[in-house]
Amino acid sequence: MIRYFLGSCEYKWSHADTRNEQIWIQRELGDELYKTVESNNWEWKLQRSNSQTMPDDIYCRCDIYVEIPNSKQATHFVLKYPQAKQMEKIT
């Protein structure tokens, strides 16, 4: 598996692990990239931490990653979405 960093967003902690969180992620990444990940059943990896710009007891920062099998699909993905930054290979 290869992990790619796709972006980050901030939203209320109460949205974590809800459909609202997915709406924020889709809004940040754009419909096409979001739908590509979803349609391939690739796994979202979300790293949440306290907001750096908003009150951290209410807002969180979410770093958005996706894990893709090391295959032709990963090569096509990174060619189509060059903003995706490869982070590490996961065994």
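Here are the numbers for the structure shown:
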{"item": "Conditions (1) touching a strand residue (DSSP E or B) at 6+ places or on another chain (Cβ under 7 Å); (2) among the aromatic types (F, W, Y); (3) open to solvent by less than 40 Å² (accessible area, probe 1.4 Å): number failed by W24", "result": "(3)"}
{"item": "Positions within the range 1-36 being more than 15 Å from Y59 (Cα to Cα) and of a type in the set (A, V, I, L, M), in sequence order", "result": "M1, I2, L6, I23, L29, L33"}
{"item": "Failed item, numbered, when C62 is tested on (1) in contact (Cβ under 8 Å) with a residue 60 or more places away in the chain; (2) of a type outside the set (F, W, Y); (3) in contact with an Asp or Glu (Cβ under 8 Å, 6 or more places away or on another chain)", "result": "(1)"}
{"item": "Output for the range 60-84, where each listed residue is touching a strand residue (DSSP E or B) at 6+ places or on another chain (Cβ under 7 Å), open to solvent by 20 Å² or more (accessible area, probe 1.4 Å) and at pLDDT 95 or above", "result": "R61, D63, Y65"}
{"item": "So E38, is it buried (at least 17 other Cβ atoms within 10 Å of the Cβ), of a type in the set (D, E, K, R) and assigned to a helix (DSSP H, G or I)", "result": "no"}
{"item": "Qualifying positions in the range 46-62 - under 13 Å from E21 (Cβ atoms) and of a type outside the set (S, T, N, Q)", "result": "L46, R48, Y59, C60, R61, C62"}
{"item": "Contacts under 6 angstrom Cβ, first residue in the range 27-41 being closer than 15 Å to Y65 by Cα, partner assigned to a helix (DSSP H, G or I) and open to solvent by less than 90 Å² (accessible area, probe 1.4 Å), 6 or more apart", "result": "Y34/Q26"}
{"item": "Flag if E32 is open to solvent by less than 80 Å² (accessible area, probe 1.4 Å) and among the acidic types (D, E)", "result": "no"}
{"item": "Selection status of Q47, more than 25 Å from H15 (Cα to Cα), modelled with pLDDT of 90 or more and open to solvent by 90 Å² or more (accessible area, probe 1.4 Å)", "result": "no"}
{"item": "Residue count for the range 27-59, restricted to those that are of a type in the set (F, W, Y), in contact with a strand residue (DSSP E or B) (Cβ under 7 Å, 6 or more places away or on another chain) and within 23 Å of K85 (Cα to Cα)", "result": "2"}
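The values are calculated or read from the model by the stated rules, or taken from the named source; none is laboratory data. No experiment lies behind these values; they were computed from the predicted model shown. Please note: Cβ atoms are built from the backbone with ideal geometry, for glycine as well, and neighbour counts cover all protein chains shown. We work out accessible area using only protein heavy atoms, side chains counted, and drop any ligands, DNA or RNA first. Shrake-Rupley method; radii C 1.70, N 1.55, O 1.52, S 1.80 Å.
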